[in-house]
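J.: Dropping the structure in here first, questions after.
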Amino acid sequence: MNLVIAGFDTIVQKLSLTTGLEFELVDGSIRDERDRFSATLRSRKGTEASGVQLDMIAHVYSSGDEPASLQFWALAFTFVNGRRVAPRSLSHMVFQFDPDKNEWREEGWESDPYDEWIGLERFDE
């Protein structure tokens, strides 16, 4: 999926603009298969104000193998002072990339019904 990798820096920059956090790729996190791609991003230096540190880990996914069919979405996990936070019974925010507007759009919070992300409780883990 070289098409995705070629434009991945732009996707990351746009997610940084949307969230207000600068992201970096987690070493070894890229999974590049025939028609699917995924990678994990971490905020480089979160936002700190009045002793509150805000950070984020984003798992970015894509599907499709032609420019017109590519879709990107991200599962974003929010951390305050190193601990994961979310509204009660919810787990992470979902973002969808809108290619027509060339920007990420927040889709809202999502639950984790299968406990896939239960081990991701601290930013430094």
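The values are calculated or read from the model by the stated rules, or taken from the named source; none is laboratory data. Treat the numbers as computed from the prediction; the structure is a model and nothing was measured. When we count neighbours, we look across all protein chains shown, and the Cβ atoms used for this are built from the backbone with ideal geometry, even at glycine.
J.: Determine whether the stretch 64-76 contains at least one residue that is in contact with a Gly (Cβ under 6 Å, 6 or more places away or on another chain), touching a residue at least 60 places away in the same chain (Cβ under 8 Å) and under 17 Å from Trp117 (Cα atoms).
T.: Taking the stretch 64-76 and keeping what is in contact with a Gly (Cβ under 6 Å, 6 or more places away or on another chain), we get 70-71.
Now restrict to residues that are touching a residue at least 60 places away in the same chain (Cβ under 8 Å): 70.
Filter once more, so that each one left must be under 17 Å from Trp117 (Cα atoms): none.
So far as the stretch 64-76 goes, no, none of its residues is in contact with a Gly (Cβ under 6 Å, 6 or more places away or on another chain), touching a residue at least 60 places away in the same chain (Cβ under 8 Å) and under 17 Å from Trp117 (Cα atoms).
Results for (1) aliphatic (A, V, I, L, M); (2) loosely packed, with under 15 Cβ neighbours inside 10 Å; (3) assigned to a strand (DSSP E or B), shown as yes or no for each residue.
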{"position": "Ile57", "(1), (2), (3)": "yes, no, yes"}
{"position": "Val60", "(1), (2), (3)": "yes, no, yes"}
{"position": "Ala74", "(1), (2), (3)": "yes, no, yes"}
{"position": "Ser89", "(1), (2), (3)": "no, yes, no"}
{"position": "Met93", "(1), (2), (3)": "yes, no, yes"}
{"position": "Glu106", "(1), (2), (3)": "no, yes, yes"}
{"position": "Asp112", "(1), (2), (3)": "no, no, no"}
{"position": "Glu116", "(1), (2), (3)": "no, yes, no"}
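J.: Please name all residue pairs, on different chains or six or more residues apart, with Cβ atoms under 6 Å, provided the first residue is in the stretch 1-30 and is more than 18 Å from Asp98 (Cβ to Cβ) and among the polar types (S, T, N, Q) and the second residue is modelled with pLDDT of 90 or more and surrounded by 13 or more Cβ atoms within 10 Å (Cβ to Cβ).
T.: Every condition considered, the pairs that remain are Ser29/Ala39; Ser29/Thr40.
Conditions (1) modelled with pLDDT of 90 or more; (2) on the phi < 0 side of the Ramachandran plot; (3) touching a helix residue (DSSP H, G or I) at 6+ places or on another chain (Cβ under 8 Å), marked per residue:
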{"residue": "Asn2", "(1), (2), (3)": "no, yes, no"}
{"residue": "Gln13", "(1), (2), (3)": "yes, yes, no"}
{"residue": "Glu33", "(1), (2), (3)": "no, yes, no"}
{"residue": "Gly46", "(1), (2), (3)": "no, yes, no"}
{"residue": "Phe77", "(1), (2), (3)": "yes, yes, no"}
{"residue": "Arg84", "(1), (2), (3)": "yes, yes, no"}
{"residue": "Val94", "(1), (2), (3)": "yes, yes, no"}
{"residue": "Glu106", "(1), (2), (3)": "yes, yes, yes"}
{"residue": "Ser111", "(1), (2), (3)": "yes, yes, no"}
